[in-house]
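This report concerns only the one structure given below.
The values are calculated or read from the model by the stated rules, or taken from the named source; none is laboratory data. Keep in mind it's a predicted model, so treat the numbers as computed, not measured. A quick note on method: Cβ atoms are made from the backbone with ideal geometry, for glycine too, and the neighbour counts reach across all protein chains shown.
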Amino acid sequence: MGTTDARPSALTLARDGTAAVVGEAETDDADGVATVYRTVGEEWVVDGRVRPADAALSSFGRSVAVDGDGTSLLVGADADDGGVVSVYDRTDGSWSRTATLTGRARGPDRFGEDVALSADGSRAAVGASVEAARAGETSGDGLRLRHRSGGWRTRARLVPPDSQTAGDEFGYAVSITGDGETVLVGARGDTRPNGPRSGSAYVFTTQ
């Protein structure tokens, strides 16, 4: 695949295995970049690079997610005044930004710390491990969003079924099934049930 300017901060692979994305939250010449690679025969070649629309956007590339055939892309920038997620779509061989997703409020909630995308690119899960949830300023929450009628809207805000404590970091990691019906949310600092910072994962399904 070649070399990059910095150590990758995130990696993802399309479900059909034809596209891969490498996120670099900090590089030598920019605040972050996500590079898309695609298979051409038996070789991997650069299909495109996306950079933040705002040069001041920090930690762009902290998280990346791609749909099943590698034509829709999410890139998280979790340190930009609360965090944002940029949506890109591939049309006629070129990548363009089509939407920007933001959290509920400005502040250090780390929205976009991790992202996941369904196979058809219509549903996304976005983690925000420091956004205030039920208990504690750093308990976190996961936001699940759905693409509909040409735009993105919040379908559900996911919170853990049990009470959280500061430092649980619920939303540190997220994953979504291909059909977008089930979401997995990690809380790496959770103390239940196996002791301090043993961590846990929560499964959510549509009702």
Single unsatisfied condition, Thr98 versus (1) part of a strand (DSSP E or B); (2) over 15 Å from Arg153 (Cα atoms): (2)
When both residues are 6+ apart or on different chains and their Cβ atoms are under 6 Å apart, which pairs have a first residue that lies in region 136-157 and is under 15 Å from Val115 (Cα atoms) and of a type in the set (Val, Ile, Thr), and a second that is surrounded by 15 or more Cβ atoms within 10 Å (Cβ to Cβ) and modelled with pLDDT of 60 or more? Thr154/Leu145
Evaluate the following for Gly140: is it at pLDDT 80 or above, farther than 22 Å from Asp69 by Cα and buried (at least 23 other Cβ atoms within 10 Å of the Cβ)? no
Among the residues of region 157-193, which ones are among the hydrophobic types (A, V, I, L, M, F, W, C) and modelled with pLDDT of 80 or more? Leu158, Val159, Phe170, Ala173, Val174, Ile176, Val183, Leu184, Val185, Ala187
Among the residues in region 113-129, are any among the charged types (D, E, K, R) and modelled with pLDDT under 75? no
Criterion violated by Asp5 - all others in (1) surrounded by fewer than 16 Cβ atoms within 10 Å (Cβ to Cβ); (2) at pLDDT 90 or above; (3) not β-branched (Val, Ile, Thr) satisfied: (2)
Do you know which of the residues in region 16-56 that are among the basic types (Lys, Arg) and modelled with pLDDT of 95 or more is surrounded by the most Cβ atoms within 10 Å (Cβ to Cβ)? Arg38
